[in-house]
Amino acid sequence: GGTVKLAVIPGDGIGPEVVGEALKVLGAVTAGGDTVFEQTPFSLGAARYLETGDVLTDGDLDAIKEHDAILLGAVGGVPGDPRLAGANIERGLLLKLRFELDHYVNLRPSVLHPGVVSPLANPGEVDFIVVREGTEGPYVGNGGAIRVGTPAEVANEVSVNTAYGVERVVRYAFAAANARPRKKLTLVHKTNVLVFAGSLWKRTVDAVASEYSDVTVDYLHVDAATIFLVTDPARFDVIVTDNLFGDILTDLAGAISGGIGLAASGNINPDGRFPSMFEPVHGSAPDIAGKGIADPTAAILSVALLLDHLGLAEASAKVSRAVAADIAERGGATRTTSEVGDAIAARIGALD
Ligand code: NAD
Ligand code: IPM
Ligand code: MN
C-alpha cells in the first residue's frame, strides 16, 4: 500500500514515445490496487538544453532525489548536431544521475523469450543477468588531454577502480547468483592486460567467493566473453563486470536475445539512500523518432524491474507475464508503438 513518488524523465527522440506506453502499462497494473504512483514529469535532455541551456541543474537533482524511483526513456540528441557541440547530455545528465544517485549496480537481464527469433542459429536457453558496475571505471571522467589539435596531442582516459566500489558490486552479484537456480557467477575482465584493475577485481571475487560455497565461479577475458555470448550464451547465469565492458556486453546481450527493443535495465542504489532509475538499454534512436514505430517493450520491461525493486513483486510478475504473452504471439507483425503498449496493457487487465 501507500504512495510511490515516481520521477519521470521521458527525454529525447523515442524516449517520450516509449515512456508513454510504459506508463500506460503501469497504470493498468496498478489500477484498483492500494499502491498509488504519484508522477512528476521532468523535462530533461537535448531538447531542454536547446531551449534553456540547462542540462541538469542542482535544483533538478534535488527535486529528483525527493522521489522513490525514476523512470527514464532515453536522452541524447542527433549525433553530430552542431548545436549540441558545447554540451554533453550523456555525461551531464545520464551519467551525472547515475553517479550522484550512487547507482553502483547497473542490472541488465537478458532472456530469450519463447517466440523471439534470435540471430543465432543455436542460442540454447538464454537467461542471464549482467551486473555492470555503474559508478567507476573509465566512466568517471578522470581523463584529460594536452597539446590538443597538434601532432603531439596526448589524450588520456583513466579507469578508476576502488576496493570499496568493486567489493560492493561484486557482493551484489554473488547475492544475485546465490538467489538463482543455477548459482553461477562469471567475472568478465581483461586481467591479462589491465593488470592493476584486473587484479583488484579478481582478488575481490575470490575473497567474496569464500562466503558463497554454493556459487560456482568462473572467469573470462572480455574478448573471449564476446565469443561465448554468440556461440554458447546458455553458459552464462550472472556476469559481473566493470562499467565499460558491461556497456558493450549488454548491447551484444540485447542483440542475441531479441534485439535492443526488448532490453531493459535498472540503475540501482541497493542501499536505498537514493532513488533507483529504470530505463531501456537503448538510446533516443533519432533515425526512427517521431514515427511511432519504436518498440516500447524494453521500457515496459523496465517498469517490471522498477516494480520488483519497490517490492511490488506481484505487479512486476504481471507485467513480465503480459509481455511474455505478447512476445510469444507477435511473430513478424508490424505494430505501432501504441499498439504494442495497448496490447500489453489489455493483457494485464485480462490476467487472473
Ligand atoms: P540507439 O539505441 O538510440 O539506436 C541504435 C539503433 O537501434 C537505431 O537503429 C535505432 O533505430 C534502433 N533502436 C533503438 N531503440 C529501439 C526501439 N525501442 N525500437 C526499435 N528500434 C530501436 O543508439 P545510438 O544511435 O547509438 O544513439 C542515439 C542517441 O541516444 C545518442 O545521442 C546516444 O548518446 C544516446 N543514447 C542514450 C542512451 C540512454 O539514454 N540511456 C543509451 C544509448 C544511447
Ligand atoms: C547505456 C548508454 C550510456 C552508457 C551512454 C549513453 C552514456 O550507452 O546506458 O548503455 O554508456 O552507459
Ligand atoms: Mn550502452
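Read-outs: derived from the displayed coordinates by stated rules, not from any lab. In this text the structure is predicted, and so the values were computed from the model without any measurement. Virtual Cβ from ideal backbone geometry, glycine too; neighbours counted across all protein chains shown.
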Segment 174-242 shape via C-alpha gyration tensor axes, a/c threshold 1.5: oblate
Estimated dipole of segment 1-150 in Debye, rounded to 20 [Cβ of Lys and Arg +1, of Asp and Glu -1, Cα centre]: 420
Length-normalised contact order for segment 206-352 - Cα pairs under 8 Å, 6+ apart - percent: 16
Listed residues SER284, SER118, SER302, most fluctuating in the chain (Gaussian network, C-alpha, under 10 Å): SER118
Built amide H within the under 5 Å cut-off of VAL217, gap 5+: LEU185
Rounded to the nearest 20 debye, dipole of the chain from Cβ charges on Lys, Arg, Asp, Glu: 500
Centroid-to-centroid separation of segment 1-35 and segment 205-238 [C-alpha atoms, Å]: 35
Pair ARG235, ALA63: separation of 7 Å Cα→Cβ label points (nm): 5.0
Residue order, fewest to most beta carbons within 10 Å, for VAL323, VAL148, VAL29: VAL148, VAL323, VAL29
Cut-off 19 Å (backbone N to label point 7 Å along Cα→Cβ of ILE293), residues of segment 317-352: 330-342
Three-way shape call for segment 111-176 based on the alpha-carbon gyration tensor, with the a/c threshold at 1.5: oblate
Candidates GLY115, GLY143, GLY20, ranked by Gaussian network fluctuation over the chain, Cα under 10 Å, top entry: GLY143
Lys/Arg +1, Asp/Glu -1 at C-beta; segment 118-257 dipole; positive extreme among GLY165, ASN142, ILE256: GLY165
Förster-model FRET efficiency, 25 Å R0, ALA163 and SER213, C-beta, rounded to 0.05: 0.60
Lys/Arg +1, Asp/Glu -1 at C-beta; the chain dipole; positive extreme among PHE245, ILE70, VAL217: VAL217
Cα centroid separation, segment 109-180 to segment 181-196 (Å): 11
Size of charge dipole - segment 118-257 - debye, nearest 20, with Cβ of Lys, Arg +1 and Asp, Glu -1, no other charges: 200
